[in-house]
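S.K.: Next up is a structure, given as C-alpha cells.
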Amino acid sequence: MKTKVPNLRKNKPKLNFILDVDGVLSTGQFLYSAKGKAYKIFGAHDADGLMLIKERINILFISADHRGFAISKKRVQDMGFKIKFVSHHQRYDFIKNQFGLDHVIFMGDGIFDVPLLRDCKFGIAPADARIEAKQAADHVTASMAGEGAVCDACIEINKRFLK
C-alpha cells in the first residue's frame, strides 16, 4: 500500500506583504501648517500594483507616525487595506511574533527598517530609501516612494513568488 504524501504546496502558509507607509507608500514628505502635520503625498500607481497581488498574499501597512497616522489610515483604508500603528522600536518583534520572518516580504526605507529588510524572507526598498535600507534589501525598486515604488514591488513579488 502506498503512503499518501501530503500536498505541501496546499498547506503552505500564505505570504505576508508588510509595508511601511512613510517613505514607501508616501513620498515621506510632510506638509505642515501652524497647526501641525496637515498632508502627505501619495502616488496613483501603487493601488494598481496592490490590486494585482491582493488575492494571493496578505497585505498589511504599518506606521510609526502618530501625528500623521489619521492621514495614512485614510489613504490605506481608501485602497481597501488594513494599517496598524507600530513604533519603530517595536516593529521587528511585532512582525516576527505575529507572522514569522520566513513568511514576510517587507518593504521599508529607513535605518530602523534595516534589521527587518535583512532578516525577512524578501526585503524591498524604494529607489530613494536610505542607503542602509537599500544595502540590506534583496530588491530595490526602479521607482521612488510615492511614485510607483509599491507598484514596482508588487510586480516583483508577483514574478518571484506568486506565479
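The values are calculated or read from the model by the stated rules, or taken from the named source; none is laboratory data. What you see is a predicted model; the values in this text were computed from it and never measured. Because the Cβ atoms are built from the backbone with ideal geometry, glycine has one as well, and the counts that use them run over all protein chains shown. Each accessible area value is taken on the protein alone, full model and side chains, heavy atoms only, with ligands, DNA and RNA left out. Shrake-Rupley method; radii C 1.70, N 1.55, O 1.52, S 1.80 Å.
S.K.: Being surrounded by fewer than 16 Cβ atoms within 10 Å (Cβ to Cβ) and hydrophobic (A, V, I, L, M, F, W, C): is that true of F61 here?
M.R.: Details: surrounded by fewer than 16 Cβ atoms within 10 Å (Cβ to Cβ): no; hydrophobic (A, V, I, L, M, F, W, C): yes.
When the stated conditions are applied, F61 does not pass them.
S.K.: Within segment 79-97, can you find the residues that are within 14 Å of L116 (Cβ to Cβ) and either hydroxyl-bearing (S, T, Y) or in contact with a Lys or Arg (Cβ under 9 Å, 6 or more places away or on another chain) (or both)? Break it down into steps so the answer makes sense when it comes.
M.R.: Going residue by residue through segment 79-97, those that are within 14 Å of L116 (Cβ to Cβ) are 86-97.
S87, Y92, F94 - these are the residues of segment 79-97 that are within 14 Å of L116 (Cβ to Cβ) and either hydroxyl-bearing (S, T, Y) or in contact with a Lys or Arg (Cβ under 9 Å, 6 or more places away or on another chain) (or both).
S.K.: Moving to a separate point now. Please enumerate the residues belonging to segment 80-122 that are open to solvent by less than 20 Å² (accessible area, probe 1.4 Å) and of a type outside the set (G, A, S).
M.R.: Answer for segment 80-122, where residues must be open to solvent by less than 20 Å² (accessible area, probe 1.4 Å) and of a type outside the set (G, A, S): V86, R91, I95, V104, I105, F106, M107, D113, L116, L117, C120, F122.
S.K.: A further question follows. Mind counting the residues in segment 25-50 that are touching a residue at least 12 places away in the same chain (Cβ under 8 Å) and either part of a loop (DSSP other than H, G, I, E, B) or touching a His at 6+ places or on another chain (Cβ under 6 Å) (or both)?
M.R.: 2
S.K.: A further question follows. Being in a strand (DSSP E or B) and farther than 16 Å from I124 by Cα is the filter here, so list the residues in segment 73-112 that pass it.
M.R.: Our first condition is that a residue be in a strand (DSSP E or B); within segment 73-112, this holds for 82-85, 104-107.
Those that are in a strand (DSSP E or B) and farther than 16 Å from I124 by Cα: K82, I83, K84, F85.
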